1. Kindly indicate which of ASP91, ASP26, ASP3 is of a type in the set (Asp, Glu) and within 20 Å of GLY134 (Cβ to Cβ).
2. Just to check your reading of the model, which residue among ALA213, ALA202, ALA232, ALA226 is at pLDDT 95 or above and not in a loop (DSSP other than H, G, I, E, B)?
3. Taking helices (runs of 4 or more DSSP H) that fall entirely within the range 1-65, which contain at least 1 residues that are in contact with a strand residue (DSSP E or B) (Cβ under 7 Å, 6 or more places away or on another chain)?
4. Consider LEU35 against the criteria (1) in contact with a Lys or Arg (Cβ under 7 Å, 6 or more places away or on another chain); (2) surrounded by fewer than 22 Cβ atoms within 10 Å (Cβ to Cβ): it satisfies all of them except one. Which criterion is unmet?
5. Looking at this structure, is VAL181 of a type outside the set (Phe, Trp, Tyr) and more than 21 Å from GLY135 (Cα to Cα)?
6. Could you run through the range 106-151 and say how many residues are in contact (Cβ under 8 Å) with a residue 40 or more places away in the chain, over 19 Å from VAL17 (Cβ atoms) and of a type outside the set (Ser, Thr, Tyr)?
7. Hey, does the range 101-111 have a residue that's under 19 Å from PHE12 (Cα atoms) and crowded, with 17+ Cβ neighbours inside 10 Å?
Amino acid sequence: MIDSARLQLPEFMPGSVWLVGAGPGDPGLLSALALHALDHADTVVYDALVDRRILALARLGAGLDYAGKRGGRPSPSQPDISARLIALARDGKRVLRLKGGDPCVFGRGGEEALALAEARVPFRIVPGITAGIGGLVYAGIPVTHRDVNSAVTFVTGHDSNGELLGAVDWAAIARGSPVIVIYMGLRNLDGIAAQLIAAGRAPSEPVAIISKATTPEQRVLVSSLAEAALEARASGIEAPTIIVVGDAVRFHPALDWFGGGPWPAPG
């Protein structure tokens, strides 16, 4: 229980919805507002990437309502999820829509907020640490470093049907972004790598694949752009993953504090 009064946190009103980022997995990365919402929500509508340890922080008696969406698997439709949030709020519930990472970074938080606005349901959006930042830090890979990059691109690796995203101009990204962070790209890594190499990226450029970032099951596979997809299949590394392309990956051996690195892992 956090001291809401001391922090001057807003009241979670009945009949409202909070769209909250749960971060990439580690419960320690939750914001004070996220913990405040977990303390007061009547119903928690959560997605597939929310860590079970975070759900265990919901107040006693709160309803847990799964609304996960995973590529290539049967999932609730987005309109159905939005309608569920509206119905719960209109029933007078304090509704916590808990989403992995940040709700507005490849999380459809904007779509759900628009549906709530159109239905005139009061809502609040609470940012979370997105996996493309927090996951990299837990792998010892800085998103930016002045000796490596002054720009970074965050991009999704597939469309709503799980296919390679044709709307992304991979050639432009290859030319303009020293470091590329790819969400949900494991399935299409062969095609993504081929397009980046065709646009001029070196086949030997370092790539890191971070699986289940910030959790006890985190794995980091370091490879090259040409070999990453093949090595990922051979290793059996599993989604959800964040893929990083660029020289920032070279910091991993020295800065891998979470995986042991040059020092003992944190207790």
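1. On the way: ASP91 fails: within 20 Å of GLY134 (Cβ to Cβ); ASP3 fails: within 20 Å of GLY134 (Cβ to Cβ).
Checking each option against the conditions leaves just ASP26.
2. Details: ALA213 fails: not in a loop (DSSP other than H, G, I, E, B); ALA202 fails: not in a loop (DSSP other than H, G, I, E, B); ALA226 fails: not in a loop (DSSP other than H, G, I, E, B).
Exactly one residue qualifies, and that residue is ALA232.
3. Values: elements: 4-7, 32-40, 52-55.
Answer list for the range 1-65: 32-40, 52-55.
4. All conditions pass for LEU35, except number (1).
5. Numbers: of a type outside the set (Phe, Trp, Tyr): yes; more than 21 Å from GLY135 (Cα to Cα): no.
Spelling it out, it is not the case that VAL181 is of a type outside the set (Phe, Trp, Tyr) and more than 21 Å from GLY135 (Cα to Cα).
6. Residues flagged as in contact (Cβ under 8 Å) with a residue 40 or more places away in the chain, over 19 Å from VAL17 (Cβ atoms) and of a type outside the set (Ser, Thr, Tyr) within the range 106-151 amount to 15.
7. If we filter the range 101-111 for residues that are under 19 Å from PHE12 (Cα atoms), which is where we start, we get 103, 109.
In the following step, the residues that additionally are crowded, with 17+ Cβ neighbours inside 10 Å were identified as 103, 109.
Checking the range 101-111: at least one residue is under 19 Å from PHE12 (Cα atoms) and crowded, with 17+ Cβ neighbours inside 10 Å.
Condition check ((1) under 18 Å from the mean Cα position of the chain (by Cα); (2) surrounded by 14 or more Cβ atoms within 10 Å (Cβ to Cβ); (3) assigned by TED's automatic domain parsing to the domain that holds PRO14) across all residues:
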residue	(1), (2), (3)
ILE86	no, yes, yes
LYS99	yes, yes, yes
ALA115	no, yes, yes
ILE125	yes, yes, yes
GLY140	yes, yes, no
VAL143	yes, yes, no
HIS158	yes, yes, no
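The values are calculated or read from the model by the stated rules, or taken from the named source; none is laboratory data. If you're wondering where the values come from, they're calculated on a predicted model, not measured in any experiment. Glycine gets a Cβ as well: all are built from the backbone with ideal geometry, and neighbour counts include every protein chain shown.
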